[in-house]
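Readers should treat all values here as calculations from the given coordinates under stated rules, not as data from a laboratory. Every value quoted in this text rests on a predicted model; they were computed, and no experiment measured them. Here Cβ is always computed from backbone atoms with ideal geometry, including for glycine, and neighbour counts include all displayed protein chains.
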Amino acid sequence: MISKLRCRMIWLFLIFTMLAYTILLLLFMGNAVLRKQGSELDYIGNITDSIIEQLQKGTPLTEQDYSAYATKFQTWVYWSDDLSQQSGPECFSTPSSNLISQMDSENNIKEMEEIVSNTIQNSKISRTTYNLRGSGSDKYYGIQVVFSGHENNEQRLIVIYPRSSVWSIIQHDCSWYPLIWLVMLATMYGMSRFLIQKAIIPVEASMKSQKDFIAAASHELKAPLAVIQANAESLEQSESDSSKQHKQVVILEECNRMSHLIQSLLSLASSDAGSWKMNIQDTDMDTLFIETWETWLSPCRQKGITLNIKLKEECCPKVPCDKERISQVLGILLDNAISYSPPGASIELEAMDDDRQFYFSVIDHGPGIPNAEKVKVFDRFYRGDPSRSDKNHYGLGLSIAKEIIKLHDGNIEIADTPGGGCTFRISLPIEHKLS
């Protein structure tokens, strides 16, 4: 289950991150193509401006100039006036006459995609830029300029330069993009494994806790059910009334144990679901502690344990809390303290406060809890001594107590009692923030 979840999360992470990165890479690629096409237009424009400047100064183009433009600059140049015309040698796969006919044909001009559609005109110069198609897959830029020469005669200049295809630009300027994409894929894969492994740890812990909880609950319910079943089956076979009465008592006791266990399970389930509501009211803590002390005096005396209470001389402040739930927490802690304290020992119930917190502690002088076990005492179904035969403790009390204190925005801590034993200390905010 967890491995499948991990794989799905990794795939989802990779798909979305690499999709976003691919789109970003394509945008960079498109920008590179536009920059290259723009630089080619600037290049042919600069050549055209240089030729016009030369011709306007009265310096004609020579055969060497035409050849140099064709061989060195891969540019075909055509010039004409009222009396003559000249052109460079053919240097393209498409004949120059076909390209010029495209520029001269109004129909073709309309069909062509013009890069610059507006014409800059003044008394001397008219200039238009075209996007020309060759006979094959080749394409060209064409610039046609009509201007007044040195002697005010009308001259025509055509400059044609091969236009790089999108694919050739990508191959030349973006050839390393696939490598970057693969490096990014490997990086994202490693990051996804690391991050998802970290993120899924709480999920694994939760699922393990859930499995352990179900297994422990099943085990705890199995024992009393087996006892009930065995006694119920033998009840009719019992001959004496005393035997039947004994079996009925056993069945009733086990039913009570199961009821107590199920009630604890329901409490924890309500807490997990967030439906465990607290009845928060200002509570007189002095009264609560005295009532608790009186309630637990009898169980302590039955085991020969002394229960002491220690309160401040002045009255404790009223604390906003659920009185029944805090009384339940005190009962859980005192019940544990009585169970683990030997006869003749003592248990102290103490309370104190400061400006912001109210503190109370349950202190016993029993065997205590080893440091290695302190982190586990609040786990569900955890019992410090598995060999104990006390059927009334399921290892859920401290879990319930912790949930109650957490719902009060408080804190519960465990420490060693000086001289031996265990101390549970709880703090509650004097000003409770209702959720």
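Working from the Cα coordinates of the range 322-377, the gyration tensor eigenvalues give, after taking √(5λ), semi-axes of 22, 15, 13 Å in decreasing order. Tell me, what is the FRET efficiency for ASN31 and LYS72 to the nearest 0.05, using R0 = 25 angstrom and their Cβ-Cβ distance as r? It comes out at approximately 0.25. Counted residue by residue at 0.36 nm each, then reduced by the alpha carbon distance between them, the extension gain from CYS255 to ALA199 reaches 15.9 nm. Gain on full extension, evaluated as 0.36 nm per residue between LYS376 and MET18 minus their Cα-Cα distance, stands at 124.6 nm.
Around the amide H of LYS139, modelled in the peptide plane, lie the amide H atoms of GLY134, ARG163, all under 5 Å away and 5 or more residues distant in sequence or on another chain. Full extension of the chain between SER242 and THR295 yields a length gain of 15.7 nm, computed as 0.36 nm times the residue separation minus the alpha carbon distance.
Distance between the pseudo-spin-label points of SER135 and GLU413 (7 Å out from Cα toward the beta carbon): 9.3 nm. Label positions at TYR43 and GLN229, each projected 7 Å from the Cα along the C-beta direction, are separated by 8.9 nm. Residue-wise HN-Hα couplings along the range 399-416, as the Karplus relation 6.51 cos²θ - 1.76 cosθ + 1.60 with θ = phi - 60° gives them from phi, are 5, 5, 4, 5, 5, 5, 5, 5, 5, 8, 6, x, 9, 10, 10, 10, 8, 7 Hz; Gly and Pro carry x. Working note: Karplus 6.51/-1.76/1.60 with θ = phi - 60° gives the range 187-202 the couplings 5, 5, 5, x, 5, 5, 4, 5, 5, 5, 4, 5, 5, 8, 4, x Hz, where Gly and Pro are set to x. Taking amide hydrogens as placed 1.01 Å from N in the peptide plane, the amide H of LEU396 sits under 5 Å from those of PHE381, each at least 5 positions away in sequence or on another chain. Amide H to amide H distances under 5 Å link THR283 with VAL319, CYS321, where only residues 5 or more positions off or on other chains count and H is placed in the peptide plane.
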